[in-house]
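This report refers to the structure that appears directly beneath it.
Just so it is clear, none of the values below were taken in a lab; they were calculated from the coordinates. Computed from a prediction, not measured in an experiment: that's the story for all the values here. In this analysis, Cβ positions are derived from the backbone assuming ideal geometry, glycine residues included, and neighbour counts consider all displayed protein chains.
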Amino acid sequence: MYHDFIYNLQLSLYKLLINDNEIKTKINKIYFPVVQDTKCPFLLVNILNVNNISTNVQNIMQLEFAICIFTNDKNRNIALSLVSKISDKIEHHSFENVAGIKTNKIEFHTSKDLVSTKLVMNYQALLKQKIGV
């Protein structure tokens, strides 16, 4: 079932990021869903789009997800310092059932209150598993 695919990848991403000492010292928390009134800086692993292109013999999912780093404007350097670290960890990690993963786009968003900043790292992944395995 493709829900298991997505959950397993999301959990693997969480474990990969939370177990890194450098990330842990710079980030307060890592979340899956959006949390209100949380303390910056924090990370959010957000699933954006899932496209099921399975065949009769293989489950195949195209997945788009984002890793967002939320910071206060005074801590913007934290987000910048973590971009290459996070990107390298994700792209060089061997995830179960992931045929390929790549960074698609990285961009900054400033909030309307001009106090917080969100750095978004968009990724694309291809997940594959033979049916019956």
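Within a Cβ distance under 13 Å of E91, other residues only, what is the Lys/Arg minus Asp/Glu net charge? Once positives and negatives cancel, what remains is +2. Estimated from helices alone, the mean residue ellipticity of the chain at 222 nm is -9500 deg cm²/dmol (sum of -39500 (n - 2.57) over DSSP H runs with n ≥ 4, per residue).
Phi angles of the range 71-87 translate, via the Karplus equation with coefficients 6.51, -1.76, 1.60 and θ = phi - 60°, into HN-Hα couplings of 9, 7, 4, 6, 9, 4, 4, 4, 4, 5, 6, 8, 4, 5, 4, 5, 4 Hz per residue; Gly and Pro are given as x. Once you've got the Cα coordinates, tell me which of K26/K130; K39/K130; K24/K130; K74/K128; K29/K102; K26/K128 are over 31 Å apart. The answer is K26/K130; K39/K130; K24/K130; K74/K128; K26/K128.
The shape of the range 7-57 comes out oblate: with a ≥ b ≥ c from the C-alpha gyration tensor, a/c is at least 1.5 while a/b does not beat b/c. Within straight-line reach of K15, meaning a Cα separation under 20 Å, sit the following aspartates and glutamates at least 8 residues removed in sequence or on another chain: D4, E64, D88, E91, E96. Sum up the charges of everything whose Cβ sits under 14 Å from the Cβ of V115, counting Lys and Arg as +1 and Asp and Glu as -1, but leave V115 out. Here the charged neighbours net out to +2.
Read through the labelled values [x] 9, 23, 31, 23, 11, 3, 0; [y] 12, 43, 30, 12, 3, 0; [z] 11, 28, 35, 21, 4, 0 and report the label of the one computed as P(r) over Cα pairs in 10 Å bins from 0, in percent from the structure. Among [x] 9, 23, 31, 23, 11, 3, 0; [y] 12, 43, 30, 12, 3, 0; [z] 11, 28, 35, 21, 4, 0, the one derived from this structure is [y].
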